[in-house]
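Accompanying notes for the structure given below.
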Amino acid sequence: MSTLAVYPGSFDPLTNGHVDIISRGARLFDRIVVAMLVNAEKAPLFTAHERVDIARAVFKDQPNVEVDTFDGLLVDYVQRRKAQVIVRGLRAISDFEFEFQMALMNRRLNDKIETIFMMPAEQYTYISSRLIKEVFSLGGRVHGLVPELVETRLREKVMARNP
Ligand SMILES: Nc1ncnc2c1ncn2[C@@H]1O[C@H](COP(=O)(O)OP(=O)(O)OP(=O)(O)O)[C@@H](O)[C@H]1O
Ligand SMILES: [Mg+2]
């Protein structure tokens with residue numbers, strides 16, 4: 001039996017923390033689907049289409065990494081994809097409580113799906129999309145914390161907004 005894992009999130013934008021977790025997942029499972037939640041935030045910085053494009057470009061050389069979008073209940077999407085595993089990343093204690101609640105709720109909704117937590121490399125443990133957006137919009141350097149394509153796209157966004 002081959003194992004399919006789903007790594008859900010908003011990825012607005014993709015960070016090197018996410019890339020680290022996806023790469024670890026791709027080594028562990030036969031296939032990993034990066035599943036972008038479409039309607040999480042009312043006004044994401046990047047559209048779902050832009051977020052998908054970025055992730056596809058970053059993982060274009062990894063054939064067992066797939067990028068998709070989903071909406072609604074995660075367990076419904078996971079079941080529809082016939083996946084067995086939900087992958088989540090754990091940064092610090094601050095992530096634990098929310099992730100613990102979600103994992104147990106998802107198990108209650110569908111106890112055939114297992115949630116697996118992975119820790120990123122130390123240098124990425126403090127990165128979040130929110131922090132990247134905040135630092136970048138204030139003119140701070142995010143080099144090394146996000147894929148180079150994300151840096152480029154962030155610059156284009158800011159230029160489009162304040163030409
Ligand atoms: N730097 C990181 N290291 C490990 N896991 C991470 C990291 N950043 C996010 N994750 C995990 O990735 C999953 C998707 O997270 P999400 O899309 O919310 O990213 P985020 O960086 O937390 O964004 P936001 O700041 O908008 O909440 C979650 O399981 C989250 O814990
Ligand atoms: Mg988050």
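Take residues that are over 29 Å from Gly144 (Cα atoms) and tell me which of the helices (runs of 4 or more DSSP H) falling wholly in region 23-122 contain 1 or more. Break it down into steps so the answer makes sense when it comes.
On the way: elements: 48-58, 74-80, 93-109.
Correct list: 74-80, 93-109.
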Kindly list the number of the only condition in (1) outside any loop (DSSP other than H, G, I, E, B); (2) within 12 Å of ligand 1 (Cβ to nearest atom) that fails for Asp12.
(1)
Matching residues in region 88-103 - criterion: being within 17 Å of Arg24 (Cβ to Cβ) and either open to solvent by 80 Å² or more (accessible area, probe 1.4 Å) or within 11 Å of ligand 2 (Cβ to nearest atom) (or both):
Arg88, Gly89, Arg91, Asp95, Glu99
Those residues that are out of contact with any Asp or Glu (no Cβ under 8 Å at 6 or more places or on another chain) and surrounded by 15 or more Cβ atoms within 10 Å (Cβ to Cβ), I need them from region 143-163; list them, please.
Leu145, Val146, Pro147, Leu149, Val150, Glu151, Leu154, Lys157
Pairs under 7 Å by beta carbon, first residue on the phi < 0 side of the Ramachandran plot in region 62-77, partner open to solvent by 20 Å² or more (accessible area, probe 1.4 Å) and acidic (Asp, Glu), six or more apart or different chains?
Asn64/Asp30
Looking at this structure, is Met119 under 19 Å from the mean Cα position of the chain (by Cα) and either open to solvent by 70 Å² or more (accessible area, probe 1.4 Å) or within 23 Å of Arg27 (Cβ to Cβ) (or both)?
yes
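The values are calculated or read from the model by the stated rules, or taken from the named source; none is laboratory data. Keep in mind it's a predicted model, so treat the numbers as computed, not measured. Positions of Cβ are generated from backbone atoms using ideal geometry, with glycine treated the same way; all protein chains shown enter the neighbour counts. Just so you know, the surface numbers come from the protein's heavy atoms only, side chains and all, with ligands and any DNA or RNA stripped out. Shrake-Rupley method; radii C 1.70, N 1.55, O 1.52, S 1.80 Å.
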